[in-house]
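Here's the structure we're looking at; comments come further down.
The values are calculated or read from the model by the stated rules, or taken from the named source; none is laboratory data. Remember, it's a predicted structure, so these values are computed and weren't measured experimentally. Every residue, glycine among them, receives a Cβ derived from its backbone with ideal geometry; neighbour counts consider all protein chains shown.
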Amino acid sequence: MISLKTKYVGLDLETPIIVSSAGITETVERMRRCEENGAGAVVMKSLFENEISRTSPTPRFKIIKHNMGSYKTFTLFSYEQASEWGPDRYAEEVTNAKAKLKIKIIPSINCSTEGGWVSYARKMEEAGADALEINVSCPHSSITFTGKEVEKEILTAAQHVREAVSIPVIAKLSPQLTSPLSMVHALKDIGINGVTIFNRITGLDIDIEAEQPIMHRGYAGHGGPWAIMYPLRWISAIAPQVNIDISASGGVSSADDVIKYLLAGATTVQVCTAVYMNGYEIVQELVKGLTQFMERKGYQCIDDFRGKVCSRILGTTEIERRHLVVAQINKKIAPCKAACPIDQSAQAYVSLIAEGRFEEALKLVKQENPLPAICGRVCHHPCEAECTRGLIDQPLSIAALKRFLADYEMRMGVSPIQSVKLDKEDKIAVVGSGPAGLSAAYFLTQRG
C-alpha cells in the first residue's frame, strides 16, 4: 500500500506537503483548512520582533503578468508583513492550534536582537510548538538584508536559538546568500535540524507612467511558477553532501513540482502562492498527483525515489558534447504566418502598406484571403500574439491593417483582381455560402 508518511526534523507527517508561512496559516481556522486538505504540517505566519512589520499596507499583493507572444507566466509581488500579534497573543494561537488540530504546528520567528531570538523561541516552545522556524531571510526585513556580515549574523542567531530550546529548529534561508551549501554545512554543525530552501527573492517593479515603484512604493518579495529551478539546483547539491532535512520552497504550482523537489532530495515540499491563487483545495491536488505518480512508478514510499536525480546530474566535464543530433528545418516560416489559421503571409503585405503601395498589398492579401473586410473585423488575430515586434514594444495591428486595405478597396473603387477566363468544361457546385463556401468558389474561379 502506498504511503506518503514522512519524517521531518523528527516529526511524523502524514504527507510531505507543508503550507508555508503566510497569511494563509495565521489563525487556527486557516490552519484547519490546511489540515482538512491534506497538508502534513503548517508553518505559521512569522512573528516579528520589529513591531512596525506587524502592520501591512494596502494594497500589498499584485499579480504581474508576463507575456512574450504565446509564452505567458506571472509573478506574485507581495509585501505581506508579519503577524499582527505580539508574542503573547501569537503564543496563545500556537497553544490553541495544538489543542484543536492534529497537524504539526511550526511557528516562525524573525528577530533583530539576541534577547528577542531567545525569548521568542522559548515562548514558542512553552506554547507547545512541534518545531520552530527561524526566519532569517524575509525579503522585507531580516538579517539577510542588513548589509552587515550576513552569514556570521545568521549563524549567531541560529546558535542562540539552538541553545535556548530543545524542540527541532529549522532555518529558512534566502536564495541571495553567497554560498547556500556552505551555510547549510555550518548550520548543521551547530545543531540545526532542518533548512528551508528558499524564501522569496526581494525585488522591485516600476509603474512607467507614474515613474515610481508600484503598490506600496518599495521593495517586496516575489515568486511564482518560474521560481522552482534555483531551489532545485541547490537542493540537489546539498542533499547528497549534508545530512540534514530539507524543506523545498518556491515555484510549486502542480504535483509535478512536488515530485521534482522530492527527486532532487527534498524531505518535504512547501506551497504558498498556489494556495493564494487557487485556494486550500490545491493541496488535495498535490497529494493526489503525488500518489498517482507513485502508483504509476510502482513506488511504495517516498524514500523509494527521494534524491534519485542527484546521481544523474552531470558535471561540466561529463556532459556529452558530440553533435549526435542535427536539427532539420524543412521550411522557414514567420511566426505570424505559422499562427494564422489560413497561413497568410502578413509580413509581406504589411511591408507594402508601410511603403504606401496599397493596391499591391491588397492584391497580395487576396491571393490567399478573398474576405479581408470580414477577417479584418472578426478574426481573433493569433498572428498578433506571435508578432516578433512585441519583443521590442507592441505587436503590429495586423488585423486592423487588413481591414484598412479592404476599406481602401471599397472607398477607392479599385479591384486588384483581374478577370479570369473560365476555360474548364467541368462544373463544380459549392454547397453553402459561408466563409468556406465563398472562399472555395473564389479560388475555383481563379483557376478557371
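Inspect the stretch 378-385 for any residue being out of contact with any helix residue (DSSP H, G or I) (no Cβ under 6 Å at 6 or more places or on another chain), aliphatic (A, V, I, L, M) and over 30 Å from Arg33 (Cβ atoms) and give the result as yes or no. So that I can check it myself, show each step before the final result.
Filtering the stretch 378-385 down to residues out of contact with any helix residue (DSSP H, G or I) (no Cβ under 6 Å at 6 or more places or on another chain) leaves 378, 380, 385.
Cutting the leftovers down to aliphatic (A, V, I, L, M) gives us 378, 385.
Narrowing further to those that are over 30 Å from Arg33 (Cβ atoms): 378, 385.
Looking through the stretch 378-385, at least one residue is out of contact with any helix residue (DSSP H, G or I) (no Cβ under 6 Å at 6 or more places or on another chain), aliphatic (A, V, I, L, M) and over 30 Å from Arg33 (Cβ atoms).
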Open item on the list: Being surrounded by fewer than 16 Cβ atoms within 10 Å (Cβ to Cβ) and in a strand (DSSP E or B) is the filter here; which residues of the stretch 48-62 pass it?
Closed with: Phe61
Task: Residue within the stretch 314-325 that is touching a residue at least 24 places away in the same chain (Cβ under 8 Å) and either over 21 Å from Pro225 (Cα atoms) or touching a helix residue (DSSP H, G or I) at 6+ places or on another chain (Cβ under 7 Å) (or both) present - done: no
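Of the residues Pro175, Pro231, Pro240, which single one is in a loop (DSSP other than H, G, I, E, B) and within 16 Å of the chain's Cα centre (by Cα)?
Details: Pro231 fails: in a loop (DSSP other than H, G, I, E, B); Pro240 fails: within 16 Å of the chain's Cα centre (by Cα).
Checking each option against the conditions leaves just Pro175.
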Task: Checklist (1) within 27 Å of the chain's Cα centre (by Cα); (2) farther than 21 Å from His222 by Cα applied to Gly10, failing item - done: (1)
TODO: Could you tell me which of the residues Lys7, Lys65, Lys45 is touching a Phe, Trp or Tyr at 6+ places or on another chain (Cβ under 8 Å) and either in a loop (DSSP other than H, G, I, E, B) or charged (D, E, K, R) (or both)?
DONE: Lys65
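Given the criteria over 45 Å from the mean Cα position of the chain (by Cα) and assigned to a helix (DSSP H, G or I), does Tyr442 qualify? Quick ask: steps written out before the conclusion?
Details: over 45 Å from the mean Cα position of the chain (by Cα): yes; assigned to a helix (DSSP H, G or I): yes.
So Tyr442 fits the description; yes.
Out of the stretch 191-238, which residues are in contact with a helix residue (DSSP H, G or I) (Cβ under 7 Å, 6 or more places away or on another chain) and loosely packed, with under 15 Cβ neighbours inside 10 Å? Walk me through it before giving the result.
The initial filter retains those residues of the stretch 191-238 that are in contact with a helix residue (DSSP H, G or I) (Cβ under 7 Å, 6 or more places away or on another chain), namely 191-192, 195, 197-198, 202, 223-224, 228, 232, 234-238.
Passing the criteria: only Gly191.
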- [ ] Determine which member of the set Gly356, Gly376, Gly315 is of a type in the set (Gly, Ala, Ser), within 21 Å of Arg411 (Cα to Cα) and part of a loop (DSSP other than H, G, I, E, B).
- [x] Gly356
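Test Glu295 against the criterion of being outside the structural domain of Asn243 (by TED's automatic domain parsing) and loosely packed, with under 12 Cβ neighbours inside 10 Å, and give yes or no. Walk me through how you get there before you give the answer.
Numbers: outside the structural domain of Asn243 (by TED's automatic domain parsing): no; loosely packed, with under 12 Cβ neighbours inside 10 Å: yes.
No.
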TODO: State yes or no: is Pro139 out of contact with any helix residue (DSSP H, G or I) (no Cβ under 7 Å at 6 or more places or on another chain), at pLDDT 95 or above and surrounded by fewer than 24 Cβ atoms within 10 Å (Cβ to Cβ)?
DONE: no
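Please enumerate the residues belonging to the stretch 179-228 that are assigned to a loop (DSSP other than H, G, I, E, B) and under 30 Å from Gly265 (Cβ atoms).
As a first pass, look at the stretch 179-228 and keep what is assigned to a loop (DSSP other than H, G, I, E, B): 179, 190-193, 198-200, 204-205, 208-211, 214-219, 224.
Correct list: Ser179, Ile190, Gly191, Ile192, Asn193, Phe198, Asn199, Arg200, Gly224.
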